[in-house]
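Novice: I have a structure I would like to understand better, so I am pasting it below and will then ask my questions one at a time.
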Amino acid sequence: MTRRRTARLRRTLLAGTTAIAVTSVTAGIVAAAQEPGKAAKGPELSLVAATTSVTLTSWKEEPGVYLDLGTYLIAEGTPLELKVTRKSYKDPVTVTQTVYEGGKAKAKKLPKGTVKDFSGLPGFSEITLTDKAGKKVLTRSESFCPNNASGRVRPDAPSTSKYPESCPTNPFTLGSVWGVEKGWASNTYAGSYSEPVQLPAGTYTAKVGVAKKYRDLFGITDKAATVKVTVVERSDEDEGSSAGAAPRSAKAGEHAGHGAGHQAPTAHAGHGPEHAPGPEAAAPVTSGAGPSYNVGHGPLKAAPPALPWALKKQQKSARSPQARDTGGQTDGSRQAPALEPLSKRPAGKPSVPDVPKPDLRSLPAYGITISDGDKDIPGKDYLAFSANVWNAGPAQLVVDGFRSPGKAKMDAFQYFYDAKGKQVGYTPTGTMEWDPRPGHVHWHFTDFASYRLLKADKKEAVRSGKEAFCLANTDAIDYTVKNANWHPYNTDLATACGEENSISVREVLDVGSGDTYTQDLPGQSFDITGVPNGTYYIQVLANPEKRLKETNLDNNSALRKIVLGGEPGKRTVTVPAHDLVNAN
């Protein structure tokens, strides 16, 4: 699908298999509030520059420079681990740090207000730029996601990081885990979530430090990193030139704010129209990780990847294909079954064994806007929104589809596993159908969710025609739940749901992750042309026919209040805050 031009690649590339060449700075050690005589130790943290100089590009067609200065936060001694949660949407976001006492992990609550959301530590890094004459030209602060692009700083450090690969920004996220692995360093650059700065071509000196509140909180030495910055101007006309300037950065489908640039799949970059709607209909940034994680089911802005591609491949190769789930793991070591479906249709008697099952839950709708459905039809109005169904666990949702020769649909089966990962049962659960429309072009599992517009009295006014889905882990909703998988496999929509000639397909929704769809086509959104103005509720309903076996069927519905107004052809929508979440 075609996309609007967005910001280009904001970072220089580092070899994913090479340790970052830095010199550690001795840092203080955090002491948690414990009983007298006992001190829980946190990591030794230091801020360093991976290089003494960087070259940044200002494109004439999209002026502005993104300040990826190659500064990193190093963790030594123990990992930096933060668990960020909220009890409900009525409660503020809180954060606890994992510290260690006698080798045992302890939870240390950080001060209220340390974080406001799940996108990172606000105002963590402080940046000052001066020009050749020593004149200060810029002072700014940026947030820091500990799950940013990272790498080892010494060869005896753990070969892979157990932490997720970016910080979620879905407005209805419930829990996240942030971390810098011991012996690793994480880029402090705020990536695509920062704003460009206007700098003429020339040379500058950048000083990057950590804000005092975080130095005090984590025991970081007050020592700024200094980097020489060269800004060069380029144009699209220079695309084929190799005049020594920085590499051309990616466009929307190749977006890579927190990591190396990796092209997202184009045919599956979004499950929406061939042409993304204008800014007035744009849905909010999604969350997640991986080179193509979270490009989303629709024209959502892709979340930046967090790990260099070489390191990502290294992580995958280190995973045993026999690795399966075990009970109670919430430390990032749990792994999903491989995405390949079973070799043949299940035989024998179906059964639903007494083992852990998934728990599908709906998030309130967001990204709500009035749209023409990408078709300028006079007098027609559509209500577009984003919807997410996620899995609170403690088991994955695993669905295989099997095709009988010559049939257009696949028969779908839900599989069940014991604590050791052994398949112990299955049950029929509907069908899968091939969707050839642009932006889809894959197999959809039917009746996974249903979208309805309810009147003020909660009676149905309009039902969306969208009830079939390609399951993919597009959003990290709560990585603190039991058995949450911090590294789900199927985040790449290009490979998640098979090809037209597939004889079988496996679709997985992992624990802690959700699948976001945007309602951007007339058949996938609410036609409100004949709907009167007034108060309504958007209902997102998971497992509407109750065909999927779950641990709980009482939490499958989520409502989001809206108010419709305006005139035909010029309808308006007002979206009140949902408790403390004020995101439309």
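Novice: Answer with one residue from 577, 543, 532: the one whose Cα lies farthest towards the positive end of the charge dipole of region 531-584, charges on Cβ with Lys, Arg +1 and Asp, Glu -1.
Specialist: 532
Novice: Right, here's the next one. Work out the FRET efficiency for residue 343 and residue 105 from their Cβ-Cβ distance, taking R0 = 35 Å, and round it to the nearest 0.05.
Specialist: Given R0 = 35 Å and the Cβ-Cβ separation, E is 0.25.
Novice: Note the full-extension length gain between residue 529 and residue 61 as 0.36 nm times their separation in residues minus their Cα-Cα distance, in nm to one decimal.
Specialist: Roughly 164.6 nm would be gained on extension.
Novice: Further question on the same structure: Anything over 21 Å Cα to Cα? Flag those among 87/109; 90/112; 83/482; 162/357, in the order listed.
Specialist: Result: 162/357 exceed 21 Å.
Novice: Compute the distance in nm between two label points, each set 7 Å from the Cα along the Cα-to-Cβ direction, one at residue 502 and one at residue 455.
Specialist: For the pair residue 502/residue 455, the computed spacing is 4.1 nm.
Novice: With every protein chain in place, what's the accessible area of residue 345 (1.4 Å probe, Å², nearest 10)?
Specialist: 80
Novice: What is the spin-label model distance, in nm, from residue 230 to residue 555 if the labels are put 7 Å beyond Cα along the C-beta direction?
Specialist: So the two model labels end up 5.5 nm from each other.
Novice: Once you list every other residue whose beta carbon is under 12 Å from the beta carbon of residue 458, what net charge do they have if Lys and Arg are +1 and Asp and Glu are -1?
Specialist: +2
Novice: Classify region 341-451: rounded, prolate or oblate, from the alpha-carbon gyration tensor (a ≥ b ≥ c, eigenvalue square roots; a/c under 1.5 rounded; otherwise prolate if a/b is larger than b/c)?
Specialist: Verdict is oblate for region 341-451.
Novice: Okay, moving on. Once you keep just the Cα pairs under 8 angstrom separated by 6 or more residues, what percentage relative contact order results for region 86-150?
Specialist: Values: 85 pairs, mean separation 14.5, N = 65.
Reported relative contact order: 22 percent.
The values are calculated or read from the model by the stated rules, or taken from the named source; none is laboratory data. This is a predicted model, so every value here is computed, not measured. As a convention, Cβ positions derive from the backbone with ideal geometry for all residues, glycine included, and neighbour counts pool all protein chains shown. Protein only, heavy atoms only, side chains kept; ligands, DNA and RNA dropped before computing areas. Shrake-Rupley method; radii C 1.70, N 1.55, O 1.52, S 1.80 Å.
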